[in-house]
Every structure is written in structure tokens, then in C-alpha cells.
Amino acid sequence: MGAAMRRIQAGNALSAFGLGFTVPYLYVYVAEVRDLGAGTAGAVLAVFAMAALVVLPFTGRVIDRRGPLPVVVGGAALAAVGAVGMGVAASVPAAVFSAALLGAGTAVMQPALATMIVWCSEPSTRTRAFATQFFLQNLGLGIGGLIGGQIVDVGRPGSFTLLFGIEAAMFLVLAAVAGTVRLPRTSAATSLPKEMAARAGGGGMRALLGHRAMVQLCVLGFVLFFACYGQFESGLAAYGTEAAGIDPSTLGIALAANTAVIVVAQFVVLRLVERRRRSRVVASVGLIWALAWIIAGYAGLGHGSQTMATAAFISTYALFGLGESMLSPTVAPLVADLAPDGMVGQYNAAFALVKQLALAVGPAVGGPMGAALHGPYIVTFVLFSLGVSVLALRLGRRLTPVQNQPSLAHTSLVVAVHKPEAVTASY
């Protein structure tokens, strides 16, 4: 790992550490600590998500034209202002406006950081680089959440102001660290392949929509995020408390189990998946998640003891974590490998937009189902998980051998070296 990559990863981990201080407590802070009500708290969370949907369509083109570094620095500064504003917000307009700044800032940083990782890596090292990023993000979020839980006190608004202040400081640290990175490329203005340039015409979005493999990957990504992340704190949590009788405090243990599996398993899993076909790895994730949903079904619909139901529910989150550790070195590098030169930022931003859409739709659909329609809820998401496997295998047919299995690139280089000799001999 080079110096530039080390700084990117360090800044990314510190920003995740800052987010971990506040994300678990945002609803409680707005609704109870600032006494703005549950409706305002819901609006704040909605604005946080909607801000990302507003800015991401424009982010990719800015990254490709200006480079990812200014976007990371600008996004981090915007998020820091939003965090400070949230820490002192005492009215509905102030809380909503601060949430918009915080959501927009954190949203634009995602594809910009991903593009920086792409620029500072080769296809042969990209898988490990994205796995490291995911590992550090989860480690930072987990540690931040644990420390934040020791500081937070619902009876003391000042304790929340401190949390948001720490979050803002971490965003500024990210901006400072990113500002010291010397990227190996100084411009994203590289030429597109002729067929892509012809399709691009008035904009890169037209070229992206004409790229069948990328469109299929976006559809797959939506289903992935909808069936997993979109259910963590909404549908699955509601199902656990209503159907399985899980104590609300157990939800924190389940989330901790999810993070622990990711942190422990990430690099063990990496060794198993980095030389295998990406499409088959993702298909395996679908099967693992289908099993996780079946176990969740047992927790809420079975007739075992409360202890067994609790253990099954925690196991569901742990299995989701195993699947996530398999996805991190697979999906994000594939987005980068599919992107033509000069469009890496737009491809990363498009995939980030798909993720945000899934995270917005997932709770809206899963929340009511998980709370009231227990059997249909489990069946629906078992089917969605199996759908992940089907979509992944279909995507594999559209990928080149090297895109699907980057370890083959070394073999391709050997063939390329010997090919000129074969041509010369034919003459």
C-alpha cells in the first residue's frame, strides 16, 4: 500500500469514526433531547437521505472533470458545517437545514473517495484496497458508536453537542488528510473509447445507460442494498421486536455481532474470494442471506424458547455481516473495472445513487411489513435474496473473463507478451 493510499484509508476511517458517534442517536437527539417531536425526527432522517439523492446525480461529472480531491475536501467541509449546526439546532428549520448539509456532504464523499482509491490502485490491488476500506469503515463506526454510547446522556443536551463536535472535527481531519494526498493522475480528462464517446453525446449518463453490464450491476446493487442494509434498522428491527419478542437492547447486540463478523472475517474471506469469479461470489452471498432470512423466520415464527429466538435473531445479523465481507472486495472494484477512462467518477456516483435509493425505499416497504405482516415479510426477503443469486449469475455472462475474475489478468499479460512472436512466425 503506497503513501497516498494509506492517507486515503486513514482519513476514511477517521470520518467513519466520527459518524459512529452520532448516527445511532440522531433520532433520539431530535425527538427527545431537543424536544422537537417524532415527526420532526422522521423529517430530519428523510431530509438526510433526500439530500444525497439530490446531489449525487451531479457529483460524478464534477469528479471526472475536476478530480476527486476537491470533491472530498468540499464534501467534508460541508458535512462538518452540518454536524456543528445539528449539535446546536434548537428549532425545526435549523435541524432540517443542518441535516440537509450533513447528508449532502457525506453523500458526495462516497464516490469521490472510491475514485481516489481507483486512481491510487491497479486492477490487481483494487480488490484488497476496497476490502480494507470497508474493514476500516466498520471498525471506525463500531468504535465511534461504543465511545459515543459512553458519552451520550439524554438528560444533558451538551453531551450531544460534544458528539456532533467530534464528528465535525473528524470530517475536517479527513479534509486535511485528503489535501495532502498526491494523486498519480492530475486530470480525469482522458479520452473515452470511440463507441462510448459516440453514445455519450450530450452527457455521460447516456453512455452509462447504454452499458448493459453496468445497468445490470445497478439493478443487482439495488436488490442487494434493499434486501440487507435497507432492513437493518427498520423492517428487521420491527420484525424482531414485534414477532420474535426481542428486547430493544438486543438490537444493539445484533448490530455489534454484524460489525464483529465483518471485522474478524474480512481478510480471511478476502483470501477465499479474490481468485474466484465475482459473479459466483455475489451469487453465494444471495444464498447466505436467504439462509439468514430463514433463521430470522424461525426466530419470529418458530415455537422455540425466547433464548433460542434471541440467538437466532443475532445469528441473522451475523450472517448478513459474512455476506457483506464477501461483497466489499467484489462489487465496488467491479464498478471501477466497468468504467471507461474519464467516467470513473460518474460510475461510482451512479452506483452510490442506486444505494441511496435502496436505502430510502427499503425502510418504507420493510418497516410496515416487518411490524405487521410477519410471514409475508420473511418470504418476500428470502425471495429477494435468491433473486440476488440469479441476477449475479446473469451479470457474469456480460462480464469479460478478467472483469469477472481479475486474477486472470496475470495470465493475459503472459499471453500478450508471446503474441507478437506468433505473429512474426506467421510471416
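Which one, PHE384, SER279, ALA83, projects farthest toward the positive side of the charge dipole computed for the chain from Cβ point charges (K/R +1, D/E -1)?
Going by the Cα projections, it comes out as SER279.
For every helix of n ≥ 4 consecutive DSSP H residues, a contribution of -39,500 (n - 2.57) applies; sum these over the chain, divide by its total residues, and give [θ] at 222 nm rounded to the nearest 500 deg cm²/dmol.
That calculation yields -27500 deg cm²/dmol at 222 nm.
For Kirkwood radius over Cα pairs in Å, one of (i) 23.5; (ii) 22.4; (iii) 21.2 was computed from the structure I shared and the rest are decoys. Which label?
(ii)
Under the definition of Cα pairs under 8 Å and six or more residues apart, what whole-number percent is the relative contact order of the chain?
Working: 675 pairs, mean separation 103.7, N = 427.
It comes to 24 percent, rounded to a whole number.
Distance from the Cα centre of segment 107-160 to that of segment 50-87, in angstrom?
16
Quote the relative contact order of segment 24-182 in percent (integer), defining contacts as alpha-carbon pairs under 8 Å separated by 6+ residues.
It rounds to 31 percent for segment 24-182.
Solvent-accessible area per residue for the chain at a 1.4 Å probe radius, Å²?
43
Tell me the label-point distance for the pair LEU146, ARG6, using the 7 Å Cα-to-Cβ offset, in nm and rounded to one decimal.
Placing both labels 7 Å beyond Cα along the Cβ direction yields 2.5 nm.
Take the solvent-accessible surface of the protein heavy atoms, probe 1.4 Å, and return the percent of it on the chain that carbon and sulfur atoms account for.
Roughly 67 percent, rounded to a whole number.
For a label point 7 Å from the Cα of LEU301 along Cα→C-beta, name the residues of segment 214-249 whose backbone N is under 16 Å from it.
Residues 236, 239-245 qualify, since their backbone N sits under 16 Å from the label point.
Can you tell which of GLU274, GLU122, GLU324 shows the greatest fluctuation in a Gaussian network model of the chain with Cα springs below 10 Å?
Residue with maximal mean-square fluctuation among GLU274, GLU122, GLU324: GLU122.
Roughly how many debye, to the nearest 20, is the charge dipole of the chain about its Cα centre, given +1 on each Lys and Arg Cβ, -1 on each Asp and Glu Cβ, and no other charges?
Details: 26 positive and 15 negative charges, 318 e Å.
My answer is approximately 1520 debye.
Tell me, what is the Rg over Rh of segment 1-141, with Rh the Kirkwood radius over Cα pairs?
On the way: Rg = 16.2 Å, Rh = 15.8 Å.
A ratio of 1.02.
The values are calculated or read from the model by the stated rules, or taken from the named source; none is laboratory data. Predicted model, so just to flag it, every value in this text is computed and none were measured. When we count neighbours, we look across all protein chains shown, and the Cβ atoms used for this are built from the backbone with ideal geometry, even at glycine. Only protein heavy atoms, including side chains, enter the accessible area calculation; ligands, DNA and RNA are left aside. Shrake-Rupley method; radii C 1.70, N 1.55, O 1.52, S 1.80 Å.
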